[in-house]
């Protein structure tokens, strides 16, 4: 079962920033890491990744460069910018807070 | 070879886009991703090239919104060589139209009549050329939002010509020739139905069948009544279409219910 639309909504950019914070990467590799990390629950298409990349590049969160390719086609690599790292850390703090509140609301006990 | 197949696929998808750097970068990026995925899938020896190709294309997802954004950028469109070529083509064609008009008018001495014939004929040629290009592009991209409308526009134009010919070049006259106009909604439904079957390879939606048949019976009633002068009881013809359409709807819905209950 793949329910990527619901699960990823609002978090795609942060997930991509997390992946790029571990090293420069390109579209297919990022999609593959998301799908593998999604444990079968998440499927993501290149088109979704591209739209996120484009938005994040315009916001100055990432930069791009062309690298060596495979089979005659070049790869476009993405690199997280200092602003992107700041936004990522801020997103993580927000997520932790929301996660704590939702846990209280959904599971209770605190 | 997979690389060439991917390239051909992307060529088709990007054909209607301007030659902008942004579009070119996006195309190259997609090609790079497709090849990266394909090379990895190739390691799995059990997959054929066809299976790899379809799996890779499927992985792209729906990027039509991005293509639309790239296509609708006016600055890019103005820089596009194809856009400039089309503008030059239109200017050349307009000059040819004027030249043909002057030549015909000088030759015949009929300046007024030549204008009535030459300019609509030239406009017709350019309309056929432009709509043919749009339909061809729609077919390549498998998007047919405008195809039904374009085909429908031809039925409207043909009806208009038929009206003017019948009304003013035959003894029938405009008092009776107007009866051709009620057929226009039916022709539009038929154009839409044709687009669904021929271009989209899908079933005709029930709403089009219901509306088309109902309207056809009304138009047929008016035609018969105008020709025969029998406005009563030929109005019964108008009931025929809705009855046939409703019976068809009942049969269709019954089949769907049967299929769902199996």
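Some values worked out for this structure:
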| item | result |
| --- | --- |
| Gain on full stretching of the segment that runs from residue A:66 to residue A:79 - 0.36 nm per residue minus C-alpha separation | 3.6 nm |
| Spread of Cα-to-Cα distances over 20 Å intervals beginning at zero, given as percent, for the protein assembly as shown | 19, 37, 31, 13, 1 |
| Cα shape, chain A, gyration tensor, a/c 1.5 rule | oblate |
| Estimated inter-spin distance, residue B:98 and residue B:249, nm [label 7 Å along Cα→Cβ] | 5.5 nm |
| Fewest-first ranking of A:16, B:116, using other Cβ atoms within 10 Å as the exposure measure | B:116, A:16 |
| Principal axis box of the stretch B:172-260, alpha-carbon based, largest edge first, Å | 52, 30, 12 |
| Neighbouring partner chain Cβ atoms per residue of A:62-73, average, 10 Å criterion | 5 |
| Fewest-first ranking of B:11, A:68, A:13, using other Cβ atoms within 10 Å as the exposure measure | A:68, B:11, A:13 |
| Burial ordering of B:52, A:80, B:117, fewest other beta-carbon atoms within 10 Å first | B:117, B:52, A:80 |
| Shape of chain B, Cα gyration tensor, a/c cut at 1.5 | oblate |
| Relative contact order %, chain A, counting alpha carbon pairs below 8 Å whose residues are six or more apart | 27 percent |
| The stretch A:8-52: C-alpha gyration tensor shape, a/c 1.5 cut-off, then a/b vs b/c | rounded |
| Peptide-level mean, for A:48-59, of C-beta atoms on other protein chains within 10 Å | 2 |
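Every read-out reported here was derived from the displayed coordinates using simple, explicitly stated rules and does not represent laboratory data. Because the structure is predicted, anything quoted here is derived from the model rather than measured. Quick reminder, even Gly has a Cβ in these numbers, built from the backbone with ideal geometry, and neighbours come from all protein chains shown.
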